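For reference, the structure discussed in these notes is given below.
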Amino acid sequence: MDASSSSSSSISSKRNAEFQPENPCYCGLPSRVRTSRTKDNPGKKFRLCPNSMNEGPKCKLWEWLEPKSPENEVNFGKDKKELCNLTLKVSILENEISICKMKMEQENLVVRQEFEKLKWKLFTHKVMMIVLFLLFVFKK
């Protein structure tokens, strides 16, 4: 919202301002939340930059805040808890996947080693068969 179109209907005193470092304005400063004391919007909260009322360069941040309802706060708490639970579950599943991959790689290595042993046995048996065949043929 534009500051010039809304500021005349939302006059507030500095006494009721609260800083919001988690919601910075466009110039990077913690925004302020104030309460309107006008006839048109009594008690309605709005957010603005601390520089918007100062002399010099002005920030354009100014917006009405949605009224908080107990339902929204409860849902937000539940949503935040659910998000934490889901994040934990994802981490646990990623860990389990890593363990399974590691086990598969180990088992694959064991299978490859066994396969190489079998190939070597087969080769030695073939050589023995050839030697026995040659001995049998040349003995006659």
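The values are calculated or read from the model by the stated rules, or taken from the named source; none is laboratory data. Model, not experiment: these values are computed from the prediction. Every residue, glycine as well, gets a Cβ built from its backbone with ideal geometry; the counts of neighbours run over all protein chains shown. These area figures cover heavy atoms from the full protein model, side chains too; ligands, DNA and RNA do not enter into them. Shrake-Rupley method; radii C 1.70, N 1.55, O 1.52, S 1.80 Å.
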Any residue at all in segment 54-69 that is within 30 Å of Pro30 (Cα to Cα), open to solvent by 100 Å² or more (accessible area, probe 1.4 Å), part of a helix (DSSP H, G or I) and at pLDDT below 85?
no
Selection from segment 37-53 of residues over 13 Å from Glu66 (Cα atoms), in contact (Cβ under 8 Å) with a residue 24 or more places away in the chain and part of a loop (DSSP other than H, G, I, E, B) yields Arg37, Thr38, Asp40, Cys49
